[in-house]
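Visitor: The structure is given below, and queries will be raised subsequently.
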Amino acid sequence: MAFVCTANEDKARGFYRDTLGLTLLEEHQFAMVFDANGIELRVSKSATHQPARHTVLGWQVPDIVASVKQLENAGVVFHRYEGMGQDENAVWKAPGGSKVAWFPDPDGNVLSLTEHPL
């Protein structure tokens, strides 16, 4: 199970369900629970929320460029970090060959996509 917080449940519901395509399994006054490829993602509702400055959730993808473009077409804007040497798709290549791209959810939580080398 993974956890993330939201101060705006309507925007979070739309983002996780519609933009990311996760199935909403349950919702009640305290949280929304999504199926994130067999892992429960609990989006806890909070009147106040300060997002962390680091990545809080990430997904492994087989083709990071295709995944970035798909999310960009859905309105997601990827982070570009100064000095990271990200390519034109906002993808950073780690020394070991993994590729990573970061993006925010509506509350400013940092999420990521990672493609590992074969």
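The values are calculated or read from the model by the stated rules, or taken from the named source; none is laboratory data. Every value quoted in this text rests on a predicted model; they were computed, and no experiment measured them. When we count neighbours, we look across all protein chains shown, and the Cβ atoms used for this are built from the backbone with ideal geometry, even at glycine.
Here is a yes/no grid of residues against (1) assigned by TED's automatic domain parsing to the domain that holds Y16; (2) of a type in the set (D, E, K, R); (3) farther than 20 Å from N8 by Cβ:
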{"residue": "M32", "(1), (2), (3)": "yes, no, no"}
{"residue": "A36", "(1), (2), (3)": "yes, no, no"}
{"residue": "R42", "(1), (2), (3)": "yes, yes, no"}
{"residue": "D63", "(1), (2), (3)": "no, yes, yes"}
{"residue": "Y81", "(1), (2), (3)": "no, no, yes"}
{"residue": "L111", "(1), (2), (3)": "no, no, no"}
{"residue": "P117", "(1), (2), (3)": "no, no, yes"}
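Visitor: Mind checking which pairs have a first residue in the range 73-100 that is over 20 Å from Y16 (Cα atoms) and a second that is part of a loop (DSSP other than H, G, I, E, B) and among the basic types (K, R), Cβ under 9 Å, 6 or more apart or different chains?
Guide: What qualifies is Q86/R80; A90/R80.
Visitor: Would you kindly identify the strands (runs of 3 or more DSSP E) lying entirely within the range 1-69 that contain at least 2 residues that are of a type in the set (A, V, I, L, M), without any contact (Cβ under 8 Å) to a residue 24 or more places away in the chain and surrounded by 12 or more Cβ atoms within 10 Å (Cβ to Cβ)?
Guide: Ranges flagged: 23-27, 31-36.
Visitor: Just to be sure I understand, how many residues within the range 103-115 are part of a loop (DSSP other than H, G, I, E, B) and hydrophobic (A, V, I, L, M, F, W, C)?
Guide: Total meeting the criteria: 0.
Visitor: If you check V76, V100, which single one turns out to be in the same structural domain as H116 (by TED's automatic domain parsing) and assigned to a strand (DSSP E or B)?
Guide: It is V100.
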